[in-house]
Amino acid sequence: MTSIKTGMALAAGLGTRMRPLTLSRPKALVEVGGKALLDHVLDRFAASGIETAVVNVHHFADQMRTHIAARAGAPDIIISDESDLVLETGGGLVKAREWLGDEPVVVSNIDAIWSEGESRELNRLMAAFDASRMDALLLLAPKENTLGYDGAGDFFLYADGQVGRRGAAKSAPFVYAGTQILNPHVLKNYREEPFSLNVVWNDLLARGRVYGHAMSAFWMHVGNPEAREAAERRLG
């Protein structure tokens, strides 16, 4: 299994779709199942042997710093401060590049959780990563095995493990489950400015360097208050 010791939790979003819960706190500190969304990710990292996590902050950044300072145990946390300008998923990774190192890292959205075997799913993803063929390995959820997602699907997963975007198709069977393994060296050609990680994926897709791994656990996208309530019921 690929030994990955560094992760990044993408936690700087404004959480507009989670209002009114995010009028007084960052989305990352909204609780589901008695635990902040951020802690779901960080605890999952720790259970899979990740020793250092970078967390980017913007919305209610002081609350984030206080919460992170109060955590005990693994992983060690480095804060990437985006207080002045939120850099989106791509720009946030570029800003954090110096802390990510040169080996593959796990990157997770804070609004993606699953209830069964959280660390096992991440361990399987890590075991499937092959740096000789891949620059990105995306955790994918079968569209019918999700909560809080009502889209048409994101990706096709081919027999060789590569993925293709839905494109002009009416639907695709898999949803990006908010977690991936990424080679940080792919960020070197991008500037520290707001942009989506989709830009990086598109460049890597054109070179055949994006693969997918289908998860077995039930995936929950906690993106709004209704999805949070549904996730609470499932976890409860």
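The values are calculated or read from the model by the stated rules, or taken from the named source; none is laboratory data. Here the structure is a predicted model, which is why all the values come from computation and not from measurement. A quick note on method: Cβ atoms are made from the backbone with ideal geometry, for glycine too, and the neighbour counts reach across all protein chains shown.
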Task: Flag if Gly34 is farther than 28 Å from Ala136 by Cα and among the small types (Gly, Ala, Ser) - done: yes
Open item on the list: Can you tell me which residue is surrounded by the fewest Cβ atoms within 10 Å (Cβ to Cβ) among those in segment 47-69 that are at pLDDT below 95 and hydrophobic (A, V, I, L, M, F, W, C)?
Closed with: Ala47
- [ ] Report those strands (runs of 3 or more DSSP E) wholly inside segment 156-236 carrying at least 3 residues which are touching an Asp or Glu at 6+ places or on another chain (Cβ under 7 Å) and buried (at least 16 other Cβ atoms within 10 Å of the Cβ).
- [x] 174-182
Open item on the list: Is it the case, given these coordinates, that Asp150 is within 23 Å of Asp111 (Cα to Cα) and either without any contact (Cβ under 8 Å) to a residue 60 or more places away in the chain or part of a helix (DSSP H, G or I) (or both)?
Closed with: yes
Task: Qualifying residue in segment 85-108 (condition: free of Cβ contacts under 8 Å to residues at least 60 places away in the same chain, buried (at least 24 other Cβ atoms within 10 Å of the Cβ) and polar (S, T, N, Q)) - done: no
Open item on the list: Going through Lys35, Lys27, Lys5 one at a time, which residue ends up being among the charged types (D, E, K, R) and buried (at least 21 other Cβ atoms within 10 Å of the Cβ)?
Closed with: Lys27
TODO: Give the number of residues within segment 27-55 that are out of contact with any helix residue (DSSP H, G or I) (no Cβ under 6 Å at 6 or more places or on another chain) and not in a helix (DSSP H, G or I).
DONE: 8
Open item on the list: Every residue in segment 204-224 that is under 19 Å from the mean Cα position of the chain (by Cα) and not aliphatic (A, V, I, L, M), please.
Closed with: Arg209, Tyr211, Gly212, His213, Ser216, Phe218, Trp219, His221, Gly223, Asn224
Task: Unmet criterion (only one of (1) over 24 Å from Gly164 (Cα atoms); (2) of a type in the set (A, V, I, L, M, F, W, C); (3) modelled with pLDDT of 95 or more) for Ala74 - done: (3)
